[in-house]
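The values are calculated or read from the model by the stated rules, or taken from the named source; none is laboratory data. Since the model is a prediction, treat every value here as computed from it, not as a measurement. FYI the Cβ positions are ideal-geometry reconstructions off the backbone, even for glycines, and counts take in every protein chain you see. Areas reflect the complete protein model, heavy atoms only, side chains present, ligands, DNA and RNA absent. Shrake-Rupley method; radii C 1.70, N 1.55, O 1.52, S 1.80 Å.
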There are 2 protein chains.
Amino acid sequence: MPEPLTITDAAGFIRTGELTPADLLEQCLARIDRYEDRVRAWVHIDRDGAREQAARLTAELKQNNYRGPLHGIPVGIKDIIDVFDMPTGCGSKRWAQSYARRDATCVERLRQAGAVILGKTVTTAYASFDPPVTRNPWNLDRTPGGSSSGSAAAVACGMCLGALATQTGGSITRPASYCGVYSLKPTHGRVSVDGVLPLAPSLDHIGVMANCVNGLAWIFEAIAGRDPRDPASAGERVPDLTYAPLTSPDPQRIAVLGGIFHERAPALHEQIVSLTRRLEGVGGLATTTNGTIPINVLDARNAPLPAEFGEVTRRHNTVMAVEAAAYHAPRLARYPDDYPPNVTALLREGLNISAPEYANCKAHQERLSRLCDALFDHYDALLTPATTGAAPTSETTGNPVFNSPWSYVGLPTVSLPFAWSPEGLPLAVQLIGPRLGEAQLFGVAARWEAEIAFERRPLPL
Amino acid sequence: MPEPLTITDAAGFIRTGELTPADLLEQCLARIDRYEDRVRAWVHIDRDGAREQAARLTAELKQNNYRGPLHGIPVGIKDIIDVFDMPTGCGSKRWAQSYARRDATCVERLRQAGAVILGKTVTTAYASFDPPVTRNPWNLDRTPGGSSSGSAAAVACGMCLGALATQTGGSITRPASYCGVYSLKPTHGRVSVDGVLPLAPSLDHIGVMANCVNGLAWIFEAIAGRDPRDPASAGERVPDLTYAPLTSPDPQRIAVLGGIFHERAPALHEQIVSLTRRLEGVGGLATTTNGTIPINVLDARNAPLPAEFGEVTRRHNTVMAVEAAAYHAPRLARYPDDYPPNVTALLREGLNISAPEYANCKAHQERLSRLCDALFDHYDALLTPATTGAAPTSETTGNPVFNSPWSYVGLPTVSLPFAWSPEGLPLAVQLIGPRLGEAQLFGVAARWEAEIAFERRPLPL
């Protein structure tokens, strides 16, 4: 049983009785003991509570009561999401001891699916982009990325097998990629934001990190869907991703996007084009080594991006700054010491943006979203590098420029590690799927996961 | 301008420009300075924030922007209700620094109506019945009642003009009565419980305290009505109580309830029968001294109470104990030190009640609710003493036996002070109205308020 286990592996061992939830939790706690003082992924670890949950879930199994593949899986929860009777610190000094009186809906659903809620993972202040205390486990001088820094680092270290994270710009995909773990940012509105600190509501997403695509899919299935407590949550049916196999279109029609995704990271873009060539075989559409579903890469360099895409970075930033200021401005005025420099600058920027400018951005966001939806008339998924490169030093949280467009248009994304940089840091690709098309996206991603066969390495700690 | 002002008076002075919100707030803050060290009504007082709100509301008036009769009225919020960026302590040591990330719906609505949110008022632990630090301003050796202890004491002292309170047994009516202020417990479900700590959801009500019936009505109108964040909130239209005058049935058909309301407080019951005789004049139905609407008291002693009423106290307690345990049991097991004796006993009782017994109580609650609804085929309102007597010593929070039946059946109640006990403590009556019939109940109560002409006394502090 090679540690750290993926959710896929652990779920298999638990199903067959080779592993109990209690033993799996102890594996995770031992890894926390070993790495946490250097990595600092956690704000709050509930050892006693987790042991109690794991014991109960172990007892349930003895009585043949199996909840599904998340039964007994230890997960971390980003510290802007409420967990009953744990503090929700949000990276704020003032709020550090703010206990939640109930679970956020997404946490409540995870619990019901059998997950063990292990604790709260570090967030940057208010899920913005001031560097956190967390370090990248692949190189302690590098950033884990942000804002879901602790979730990414904890999953990378096997301190937990999955984690909830959130993204407004690139706060899920970027830290996951820097830390070498898989991530999902669902369709906007697909997962209830009840019990979660807002940053910019029209861009905010709850998502998932794990060490395998199945883990993402199972957690997604558990937490997604209509929630009366979040009237804006999507009412569409959540697909069965547990008992129905993940299926991919055959062949997959994939567009490797160019434009900024080429310009801002030409070397990494080349690497991805090579990867796609390798996967589809020589000479275009062909059966891959592994097998059954050919990957047909179309438009590998000439991205069919709408002209409106040219303004996406600037306009995304405007929407984020304005909506964040709408929430935070009174607190910033009153408790400036509770706001570190980067988020302070963002809020000040938001306060200085004219309302008509914001209204123009909201109209652009709507228009670009519809144009991006139309891309899926021709493609099953879009492909880009997940970041502009490997994790930079810990003075920043890295560049979200490849992720914020998908937060802006609300399309679901999955990221997968695919290679190691010469310095020994993970690199990742990002697949973008159609709106509410997470099932198809997981199918595509599972195929890529199998074909890439990412080399997992031991932590250099 | 005699202090403390009622909301009716203050709203009049603010409307005519004789008083500004800023000056009214300073009156309240001065009274806090004068009395708070002895009365201890507050957990958190936000002087700076309140001054900023009052200044803004004063400026709005200069620009002829009048929000309505709550414009500039300082209010206190019971400390189990969330106010943005103030702690919601719930009377728990562990939760004392738990800042709220957004306003509860009822608080948000009060703000929009122009109220100044002054701070958080003392609650007993978890809104149960362990005696709090707060003292009765009419006699510091007496309890202010509970669980909305601070709200009642603060309004009685004129530290604020109105307050939000909550009731599961007698937690609004009893402290209001002991402290000589007016109270409203609305129909169950009429005011959203979003952002409020539950005690027993099928019995929990958000309500109001003030020094006049208009104050209750205006705050009720502001906070009541459908809330998407509380799917159980009542969708029925909230009546206009601000620009339409409160109207009473003419004559009022009032039943003075006997049964337990006589047995448990015979002297006070006699006093109320005398009061009704005085108000209706000699010889039954007649025009009262003051005026226009005769009060016709029917069945002054022989209450038409359903036989099912005999079990109401015991069954109410069962429902409360069970539902409270459903929420608190895991915390009680883990942090017993955070639970004082009375609430601990309640929760332990709840844990020992069999589920079928609870199911029987829920069926009884539903049946009795429908039977009580039918009383209003014959009466416009029911009348009882509001409590079994004046405030007892501070070792208890007093007896809720006259209030918990109305929490159980969910009917709206208004309480009004009507006399002083020989020891100089206030006594109150309780009017019960038809389900969702708050408008009519306020009309009846306003008439009684005028006829009673309660003698307001200076605080003996």
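Residues that are assigned to a loop (DSSP other than H, G, I, E, B) and among the hydrophobic types (A, V, I, L, M, F, W, C) within the range B:133-166 comprise B:Val133, B:Trp138, B:Leu140, B:Cys157, B:Met159, B:Cys160, B:Leu161, listed in sequence order.
Tallying residues that are open to solvent by less than 50 Å² (accessible area, probe 1.4 Å) and closer than 18 Å to A:Val256 by Cα within the range A:430-448 yields 13. Among the conditions (1) closer than 30 Å to B:Pro340 by Cα; (2) away from every other protein chain (no Cβ under 14 Å); (3) of a type outside the set (Ser, Thr, Tyr), B:Phe84 misses just one, which is (2). Residues of the range A:17-64 that are in contact with a Lys or Arg (Cβ under 9 Å, 6 or more places away or on another chain) and charged (D, E, K, R): A:Glu26, A:Arg38, A:Arg40, A:Asp46, A:Asp48, A:Glu52, A:Glu60. The lone criterion from (1) of a type outside the set (Lys, Arg); (2) surrounded by 24 or more Cβ atoms within 10 Å (Cβ to Cβ); (3) part of a loop (DSSP other than H, G, I, E, B) left unmet by A:Asp130 is number (2).
I'm checking my understanding of the structure. Among residues of the range A:215-233 that are within 14 Å of chain B (Cβ to nearest Cβ) and free of Cβ contacts under 8 Å to residues at least 60 places away in the same chain, which one is surrounded by the most Cβ atoms within 10 Å (Cβ to Cβ)? Only one residue tops the list, namely A:Ser233. Of the helices (runs of 4 or more DSSP H) lying entirely inside the range B:306-413, those carrying at least 2 residues that are farther than 18 Å from B:Gly259 by Cα and within 14 Å of chain A (Cβ to nearest Cβ) are B:312-334.
Counting only residues that are buried (at least 18 other Cβ atoms within 10 Å of the Cβ) and under 30 Å from A:Arg15 (Cβ atoms), the range A:234-269 holds 6 of them. Which members of the range A:257-274 meet the condition of being modelled with pLDDT under 90 and among the hydrophobic types (A, V, I, L, M, F, W, C)? Listed by number, the list holds a single entry, A:Val273.
Residues in the range A:305-346 that are buried (at least 16 other Cβ atoms within 10 Å of the Cβ) and basic (Lys, Arg): A:Arg315, A:Arg331. Contact annotation: residue pairs with Cβ atoms under 6 Å, 6 or more positions apart or on different chains, pairing a residue in the range B:88-101 that is more than 7 Å from every other protein chain (Cβ to nearest Cβ) with a partner that is open to solvent by 40 Å² or more (accessible area, probe 1.4 Å) and part of a loop (DSSP other than H, G, I, E, B), are B:Gly89/B:Ala96. Applying the condition of being over 17 Å from the mean Cα position of the chain (by Cα) and among the aromatic types (Phe, Trp, Tyr) to the range A:363-409 and asking which residue is farthest from A:Arg314 (Cα to Cα) yields A:Tyr379.
Inside the range B:134-178, can you point out the residues that are of a type in the set (Val, Ile, Thr) and in contact with a Gly (Cβ under 9 Å, 6 or more places away or on another chain)? Across the range B:134-178, the qualifying residues are B:Thr134, B:Thr143, B:Val155, B:Thr166, B:Ile172, B:Thr173.
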